[in-house]
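The values are calculated or read from the model by the stated rules, or taken from the named source; none is laboratory data. In this text the structure is predicted, and so the values were computed from the model without any measurement. Virtual Cβ from ideal backbone geometry, glycine too; neighbours counted across all protein chains shown. When the accessible area is computed, the model is the full protein with side chains, heavy atoms only, and any ligands, DNA or RNA have been set aside. Shrake-Rupley method; radii C 1.70, N 1.55, O 1.52, S 1.80 Å.
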Amino acid sequence: MKNVITVQNMRASDAHTIAQYVPSKELMQRAALAVYRSVTWKGKIAILTGGGNNGGDGYALACILADHGIPCCVYRVSDKFSEDGRYYHDMAIIKGVEMRRFEPEDTLDEYDILVDCMLGTGFYGQVRGRYRPAIEAINKSPAYVVCVDINSGMNGDTGKAELAVKSSLTVAIGYLKVGMFLGDSLWYIGKITVADIGIRLVRQNYFLAAVEEIVFPNSGLSLLGDRVELLTPGEIEQMVWGQQTIPEAAQTVALKNKMIVRVLGKHSLVTDGYRTYFIEEGKFPEEITVTYSK
């Protein structure tokens, strides 16, 4: 059974870990190291970076590649930096990493591996600015695409995306995010690996589990041989007002009607109103492994 968390929980847990246990630069280094260990690096490599800490992960990864004698080119899609991002950007320059400013007319067809470090889990809405042509260029490329934490352009809570990077591999930093199992994620995410970098959760949200693992302690029922109410995502959304995610809406329906709700779809979720589980079945996720970088 694996934790699946919301964007807000990730932010709070990250801040708690930095304040009490691990400096932020060390966490960024661990994230980059986990990405490095998750990929077989070969051919021409490019890393596309944004202006936040997701971009910082990309600069830290460029430093690690340089330390191992693996050349790469970093395309800066934003001219902004987070504090830690600027630190690793400057270090990458010292190590001789090639830096370019991504321009809308640039193509990425010459690369064998592309790493998406542009927009993190906090993104929502429409993709704007240079991020839009950058995502389009990645999706047109025949390269092996690695997304760091989540696919740029995807909402980390709902999985919805007006435009997002299509990945061969997504390296979730710390924990799986709710949006990786909802909305449009099926069309964008290939394989998933979870990079355990030592972030300590402040609370639990949801869980990824096999059907046989799911027993609801508050009801005494399990999914094996017991009655479960089957609803589609559309039916759930019609039953609840507001901006709730599908897991939140399913929990509301389960509590109100005092029943276990199973939301149908390629990546199912089940709730009894107290705990929500994403069911590990079918072909999604194709693969979930855990990479430790501590």
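When the range 9-56 is limited to residues that are among the aromatic types (F, W, Y) and in a loop (DSSP other than H, G, I, E, B), the one that is surrounded by the most Cβ atoms within 10 Å (Cβ to Cβ) turns out to be W41.
Inside the range 57-78, residues that are open to solvent by less than 10 Å² (accessible area, probe 1.4 Å) and in contact with a strand residue (DSSP E or B) (Cβ under 8 Å, 6 or more places away or on another chain) make up a count of 9. Set side by side, the residues I246, I279 differ, and just one is in contact (Cβ under 8 Å) with a residue 40 or more places away in the chain, of a type in the set (V, I, T) and open to solvent by less than 10 Å² (accessible area, probe 1.4 Å), which is I279. Checked against the criterion of being more than 18 Å from G55 (Cβ to Cβ) and among the aliphatic types (A, V, I, L, M), the range 139-152 has at least one qualifying residue. Condition first: of a type in the set (V, I, T), assigned to a loop (DSSP other than H, G, I, E, B) and touching a strand residue (DSSP E or B) at 6+ places or on another chain (Cβ under 7 Å). Now tell me which residues in the range 101-134 satisfy that. If the condition is that a residue be of a type in the set (V, I, T), assigned to a loop (DSSP other than H, G, I, E, B) and touching a strand residue (DSSP E or B) at 6+ places or on another chain (Cβ under 7 Å), then T121 is the only one that fits.
Taking the range 153-178 as the range and being surrounded by fewer than 24 Cβ atoms within 10 Å (Cβ to Cβ) and of a type in the set (S, T, N, Q) as the test, the residues that pass are T158, S168.
Considered as a group, the residues in the range 218-243 that are free of Cβ contacts under 8 Å to residues at least 24 places away in the same chain and in a loop (DSSP other than H, G, I, E, B) include one that is farthest from T17 (Cα to Cα), and that residue is G225.
Take the residues in the range 179-211 that are under 16 Å from C147 (Cα atoms) and of a type in the set (A, V, I, L, M); name whichever of them is surrounded by the fewest Cβ atoms within 10 Å (Cβ to Cβ). The qualifying residue surrounded by the fewest Cβ atoms within 10 Å (Cβ to Cβ) is L186. Taken over the range 100-121, the residue count meeting the criterion of being touching a residue at least 60 places away in the same chain (Cβ under 8 Å), open to solvent by 30 Å² or more (accessible area, probe 1.4 Å) and touching a helix residue (DSSP H, G or I) at 6+ places or on another chain (Cβ under 7 Å) is 0.
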